[in-house]
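The values are calculated or read from the model by the stated rules, or taken from the named source; none is laboratory data. Model, not experiment: these values are computed from the prediction. Cβ placement follows ideal geometry from the backbone for every residue including glycine, while neighbour counts extend to all protein chains displayed.
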Amino acid sequence: MAANEHKNLSSANRHNPKGFETATNNTVLSKTIGTSATGTDGNLEWKGKAYMGVTNYKMQGFTTGAANYYYGEDIADTKSPYEMAVDYGNTAVASGSILPSEAFRIGQGCIVPETSSVTYISGWVTSNGSNNVTVAICKVTPAAGATTALVPVVVDEITVTGLSSNSKLVRMNETTITAAGIAAGDIIFPMIKEVGGTGSTIYMNLTIQTTTF
């Protein structure tokens, strides 16, 4: 066998993959689908890491709006998982706290299994009022055996304006995330509030996308 085979070259003597110099940062080399029956005729392409290791978390619920933030009922309550009727007692997430056991049992809560980063929050809101509606995606980091109340961290807050009808959907599409990092074992959950008034019935249906890079 020739001593200068590619496998025998040192790193300094190996060339970069095709397209490396012009590929944008945070991309990986992949292969397109192609059209052959054997599935082998695709072309090389550099694809954003956001497309790799993606996990989607669905959160859905409704509340009768109030000035404070509200979050979902305990899973033992018959209103769970969709009704968000627990009063957080504050208009700002950082001003309150929640017991680890409460966060663990929120109907819409999701436990993130791996260290990851939130890249998109996408969904829809309806309100039969015309006030602003703010959805806060929050996270808490419990510790095994600990019972001390936790102050949730805002992953992101999204504010939209109600269209005075629950037949009219308002789009949420957030890509600039305030605190994107999520640790393995973190619990993420939504809170919702009505700004500038009370009493509107508000529905929320959204998806949170995370990646592991």
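General observations
Residue-by-condition table, conditions (1) in contact with a helix residue (DSSP H, G or I) (Cβ under 6 Å, 6 or more places away or on another chain); (2) outside the structural domain of Asn26 (by TED's automatic domain parsing); (3) over 20 Å from Asp186 (Cα atoms); (4) surrounded by fewer than 19 Cβ atoms within 10 Å (Cβ to Cβ):
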site	(1), (2), (3), (4)
Glu83	no, yes, yes, yes
Gly96	no, yes, no, yes
Ser101	no, yes, no, yes
Ile106	no, yes, no, no
Val112	no, yes, no, no
Thr115	no, yes, no, yes
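- Scanning region 18-38 for residues that are among the hydroxyl-bearing types (Ser, Thr, Tyr) and either in a strand (DSSP E or B) or touching a Ser or Thr at 6+ places or on another chain (Cβ under 6 Å) (or both) returns Thr27, Ser30.
- Close pairs from region 116-127: first closer than 28 Å to Ala183 by Cβ, partner part of a strand (DSSP E or B) and of a type in the set (Asp, Glu), Cβ under 8 Å, at least 6 apart: Val118/Asp156; Tyr120/Glu174; Ile121/Asp156; Ile121/Glu174; Ser122/Glu174
- Residue that is modelled with the highest pLDDT, among those in region 39-51 that are out of contact with any Ser or Thr (no Cβ under 7 Å at 6 or more places or on another chain) and under 30 Å from Val118 (Cα atoms): Leu44
- Looking across Ile192, Ile187, one residue alone is of a type in the set (Val, Ile, Thr) and more than 16 Å from Gly61 (Cα to Cα). It is Ile187.
- For the residues Thr91, Thr55, the requirement of being surrounded by 14 or more Cβ atoms within 10 Å (Cβ to Cβ) and either modelled with pLDDT under 95 or not assigned by TED's automatic domain parsing to the domain that holds Ala184 (or both) singles out Thr55.
- One residue stands out among those in region 156-178 that are without any contact (Cβ under 8 Å) to a residue 40 or more places away in the chain and within 24 Å of Glu114 (Cβ to Cβ): the one that is surrounded by the fewest Cβ atoms within 10 Å (Cβ to Cβ), which is Thr176.
- Residue in region 194-201 that is more than 11 Å from the chain's Cα centre (by Cα) and of a type in the set (D, E, K, R) present: yes
- Being over 22 Å from Pro81 (Cα atoms) and at pLDDT 95 or above holds for only one residue in Gly123, Gly145, Gly197, Gly185, and it is Gly145.
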